[in-house]
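Just below is one structure, and these are the notes that go with it.
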Amino acid sequence: EAMMDIEVKSKPSQPHWYERYLQPCVAELLGSALFIFTGCLSALEDVEGTGRLQPALVHGLALASSIAIAADI
């Protein structure tokens, strides 16, 4: 009976200004920073014999993690 007394609040029709303007910009900034800095560091720390494989894998993993982190935004 106590569960029946809970009111369900509906979401506002318009998202908050933070969710609409600022949050996507911050997500883009952090995702791009992760992608660029890890890619550059992998090229600097290139181990002998890996050639182009190490920077390519690092860029792919950075892109995949950025998408997974910011997918809801």
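Does any residue in the stretch 46-68 that is touching a residue at least 12 places away in the same chain (Cβ under 8 Å) come within less than 8 Å, Cβ to Cβ, of a residue that is in a loop (DSSP other than H, G, I, E, B) six or more places away or on a different chain, and which pairs are these?
Gln54/Asp46; Gln54/Val47; Pro55/Asp46
Tell me which residues, restricted to the stretch 41-73, are open to solvent by less than 70 Å² (accessible area, probe 1.4 Å) and assigned to a helix (DSSP H, G or I).
If the condition is that a residue be open to solvent by less than 70 Å² (accessible area, probe 1.4 Å) and assigned to a helix (DSSP H, G or I), then Ser42, Ala43, Gln54, Pro55, Ala56, Val58, His59, Gly60, Ala62, Ala64, Ser65, Ser66 are the ones that fit.
Please work out which residue is modelled with the lowest pLDDT, limiting yourself to the stretch 1-40 and to residues that are over 24 Å from Ala71 (Cβ atoms), among the hydrophobic types (A, V, I, L, M, F, W, C) and open to solvent by 100 Å² or more (accessible area, probe 1.4 Å).
Met3
The values are calculated or read from the model by the stated rules, or taken from the named source; none is laboratory data. Just so you know, these numbers come straight off a predicted model, no measurement behind them. Don't worry about glycine lacking a Cβ; one is built from the backbone with ideal geometry, like all the others, and counts go over all protein chains shown. We work out accessible area using only protein heavy atoms, side chains counted, and drop any ligands, DNA or RNA first. Shrake-Rupley method; radii C 1.70, N 1.55, O 1.52, S 1.80 Å.
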